[in-house]
Amino acid sequence: MAKKIIKLPWFTVVASSAVLVACVGAVQQSKQANFDGAWRTAQLPLAQSFAQQYAEIDRNGSTGDLVWALQLGITERALGNLTTSNQVLDSAERQVNFEDNESAIARAGELAGSMLVNDAALDYEPYYYDGVMLNTYKAWNFWQLGDLQNARVELNRAEERQRLAVRYFEQDIVAQREAAFDGAEDQSSLTSSYQGAVKQIRRQQGDVLNSEYRAYEGYVNPFTTYSMGLFRMLNPSGSGDYSSARQAFDRVASVTQNEAFLEDADLVDRLREGRESLNGHTWVILERGQSVIKREFRIGIPIYLYGAFNDYYTMALPYLRPRPSALSVASVNEQRAVEVADMNRIIETEFSSQYWRILVREITRATAKMLITREVARRDDDGLATFAAILAQAATTSADTRIVSSLPERFEVIRARREDDFIHLDLGTNSHKIKVDRSARAHVIYVREISGQTEPIISTINIQ
Amino acid sequence: MKRFFTVVIAAAILAGCQTPTQYIDPSDRNTAQTPGLTYADFQVAANQLTGEILASPLMVHPNTAGGERYVIHIEGVTNDTMQRIDTDQLVKGMRVQLLNSGRFFITTAFDGSDNATREMRNLDNDPMVDQSTVQPDGTVIAPDFSLTGKILQRNSNLDNDDTRVEYYFQLTLTDLRTGLAYWEGERVIGKVTGQRGASW
């Protein structure tokens with residue numbers, strides 16, 4: 001008996017595929033919620049287990065999912081597995097470099113493939129701050145492992161990523177946006193839809209477009225620059241390192257507008273000139289709280305076709321939401337902590353600068369989906385295909401909320417002097433007695449405090 | 001059958017796109033280039049810097065005719081680049097050329113490259129060893145010069161958005177008796193890359 005071949009209409013196939021791919025957004029949101037729940041309560045082994053599962057690292061050490069490789073690398077660091085952390089972050093770095101150097105043609109192909117679904121179906125595009133923090137963490141891992149050569153290399157890489165970020169941000173973002181509009185097929189419709197969307201967003205979710213933060217001057221991450229200065233001052237290989245350290249501290253003082261960092265700069269000069277020695281100097285680096293996360297909001301925006309208003313379309317867009325950390329004042333012998341960098345400020349300024357791209361992509365997608373639904377309805381006899389198309393349209397409406405959520409809210413530093421075998425760190429009402437090696441010339445104590453309710457993770461570098 | 005041929009042809013096309021493994025001349029600076037440092041870069045830097053040391057009149061032992069040579073201790077070369085390189089790639093090339101010149105000795109007793117000079121002296125209480133063959137104390141030659149240095153990397157933007165990558169090989173030979181630098185050398189290797197992202 002001959003087999004009966006069932007021919008499915010093309011739009012049914014497209015709609016079913018779109019619904020399947022659309023699940024990507026929901027799955028990603030569920031992964032993020034699992035990890036964030038474990039991280040928030042500092043259940044690090046559980047967070048590690050989720051990140052391991054999601055990072056898809058194969059036998060060769062290559063990751064299938066960049067955002068989770070970054071989360072895993074940071075989690076391994078928090079657990080004190082510094083070598084594993086570096087291996088995972090190495091794998092993440094290969095992926096970051098691949099994404100950065102991906103050709104325009106490959107990007108366009110990827111984007112075209114995602115046109116009927118959403119941004120969540122695209123590979124995670126790392127932010128500049130992701131790359132900078134990746135190398136900064138690797139540098140600290142190596143430093144804590146005593147591998148000074150590789151720590152230096154990683155700090156150089158982090159600084160180079162900051163230079164690449166400046167290059168990106170210095171390009172006129174308005175000019176880039178205008179060029180994107182000029183290149184559109186139906187330029188007037190895209191412009192009208194975009195202006196309509198901006199008006200709606202300002203009304204409903206104004207803070208998305210009006211970041212309360214201003215980027216640090218030169219778009220630097222002051223913590224990375226401070227780490228570089230501290231490393232070169234404490235591990236100099238020639239007088240050039242003292243000059244670099246001095247410049248780094250001056251820069252941090254300038255971008256944070258806090259003269260407290262000039263104390264470090266002055267110390268560099270005294271060390272270089274032999275007027276002072278590292279006699280028990282101690283730096284307590286505090287990595288505190290939890291960075292902002294992405295959440296989704298839905299909004300109806302007017303879509304224009306061939307220059308005329310067509311219909312309203314519901315769009316899902318991401319926004320940044322801060323997480324409460326309940327952090328208290330940190331101090332050593334009444335010497336209070338000074339903020340080195342506000343990570344939320346760094347994340348938010350980069351996110352805001354790219355928001356127009358997200359919006360343009362979503363408008364283009366909305367227009368395409370609207371045209372498809374209309375075409376399906378025109379050819380549909382029994383209404384089933386139209387129903388499937390509308391279902392697919394609704395299912396594919398989902399924002400990309402992937403973000404590296406294991407970053408801190410802020411970095412701080414306390415300068416202190418060793419008085420006995422211990423450094424007494426106060427985090428609010430909680431006191432921590434940290435043992436140091438008295439034979440060492442100086443100490444760097446690294447503290448990771450995920451929230452005010454969780455136990456801090458403390459490690460010490462003794463400078464011999 | 002048609003589908004089989006399609007798969008075979010597609011696989012052949014894909015395989016054709018892949019670069020087959022092949023031998024290259026590692027000293028050739030014009031093929032298989034990368035923004036990072038290669039053997040060819042180390043070779044050029046080592047050749048030029050060693051050439052300068054050999055040409056320096058200060059680096060000639062006053063009793064060369066009597067067979068005496070300067071002894072050099074390699075203190076270390078710091079990797080201050082963005083590349084994970086082993087700076088011995090530079091130093092080894094220089095050691096070989098300096099030794100082969102017949103004008104220098106390189107000591108391995110103090111730089112950690114061969115700890116046997118120190119460790120084998122601990123055999124003086126080992127009943128298994130013929131004590132007359134154990135190297136006595138007071139025979140290791142202290143160095144006359146120390147070689148130190150740094151390999152730096154500096155990246156900058158070009159007007160066309162390409163990146164100019166420069167590597168600075170900086171070395172110093174210090175006379176250990178006086179603390180004076182007898183020779184300093186610098187070689188710069190520059191490259192341009194169109195890569196938008198990191199150059200490592």
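Just so it is clear, none of the values below were taken in a lab; they were calculated from the coordinates. Every value quoted in this text rests on a predicted model; they were computed, and no experiment measured them. We place every Cβ from the backbone using ideal geometry, glycine too, and count neighbours over all the protein chains shown.
Within 10 Å of the Cβ of each residue in B:73-85, the mean number of Cβ atoms contributed by other protein chains is 4. Other residues whose C-beta falls under 13 angstrom from the C-beta of B:Thr133 contribute a net charge of -2, scoring Lys and Arg +1 and Asp and Glu -1. Its DSSP H runs of at least 4 residues, each contributing -39,500 (n - 2.57), put the calculated 222 nm mean residue ellipticity of chain A at -18000 deg cm²/dmol, to the nearest 500. Scalar couplings 3J(HN,Hα) for the stretch B:25-41, obtained by applying the Karplus form with A = 6.51, B = -1.76, C = 1.60 to θ = phi - 60°, are 8, x, 8, 7, 8, 9, 10, 6, 8, 9, x, x, 8, 10, 4, 4, 5 Hz; x denotes Gly and Pro.
Placing +1 on the Cβ of every Lys and Arg and -1 on the Cβ of every Asp and Glu, with nothing else charged, gives the stretch B:34-193 a dipole about its Cα centre of roughly 300 debye. Counting Cβ atoms of other protein chains within 10 Å of each Cβ in A:25-37 and taking the mean gives 0.
Taking 0.36 nm per residue of separation and subtracting the current Cα-Cα distance, fully stretching the chain between A:Gln171 and A:Asn210 would add 12.0 nm. Placing unit charges on each Cβ (+1 for Lys and Arg, -1 for Asp and Glu) gives the protein assembly as shown a dipole about its Cα centre, and among A:Ala92, A:Ala368, A:Leu155 the Cα reaching farthest toward its positive end belongs to A:Ala368. If R0 is 60 Å, the Cβ-Cβ spacing of A:Asn101 and A:Ser277 corresponds to a FRET efficiency of close to 0.85.
Each eigenvalue of the Cα gyration tensor of chain B, multiplied by 5 and square-rooted, gives one semi-axis; in descending order these are 46, 26, 15 Å.
Above 48 Å, the calculated P(r) of the protein assembly as shown contains 29 percent of its Cα-Cα pairs. For the peptides A:429-436, B:168-175, B:48-55, the ranking by packing is B:168-175, B:48-55, A:429-436, with the highest mean count of neighbouring Cβ atoms within 10 Å listed first.
Taken about its Cα centre, chain A carries a charge dipole of roughly 800 debye when the Cβ of each Lys and Arg holds +1 and the Cβ of each Asp and Glu holds -1. Modelled label-to-label distance, A:Asp58 and B:Asn30, 7 Å Cα→beta-carbon offset: nm? That separation, rounded to one decimal, is 3.7 nm. Taking the dipole about the Cα centre of the protein assembly as shown, with the C-beta of Lys and Arg at +1 and of Asp and Glu at -1, give me whichever of B:Pro143, A:Ala184, A:Ile303 is farthest to the positive side. Of the options given, the answer is A:Ile303. The angle between the Cα long axis of helix A:239-256 and the longest principal axis of the Cα atoms of chain A comes to about 60 degrees, rounded to the nearest 10. Residues in the stretch A:87-96 carry Karplus couplings, in order, of 5, 5, 5, 4, 5, 5, 5, 4, 5, 4 Hz; the curve used is 6.51 cos²θ - 1.76 cosθ + 1.60 with θ = phi - 60°, and Gly or Pro positions show x. Considering the stretch A:160-229 at the alpha-carbon level, its Rg and Dmax are found to be 16.8, 51 Å. Couplings for the stretch A:38-44, taken from phi via the Karplus curve 6.51 cos²θ - 1.76 cosθ + 1.60 with θ = phi - 60°, read 5, 5, 4, 9, 6, 7, 5 Hz in order; Gly and Pro are left as x. Taking label points 7 Å from Cα along the Cα-to-Cβ direction, A:Phe297 and A:Ser459 give a separation of 3.9 nm. Binning the C-alpha pair distances of the stretch A:263-375 at 10 Å intervals from 0 yields a P(r) profile of 10, 25, 20, 16, 12, 9, 7, 2, 0 %, listed from the shortest bin outward.
Shielding of peptide A:149-160 by partners, expressed as the average count of other chain Cβ atoms within 10 Å per residue Cβ, is 5.
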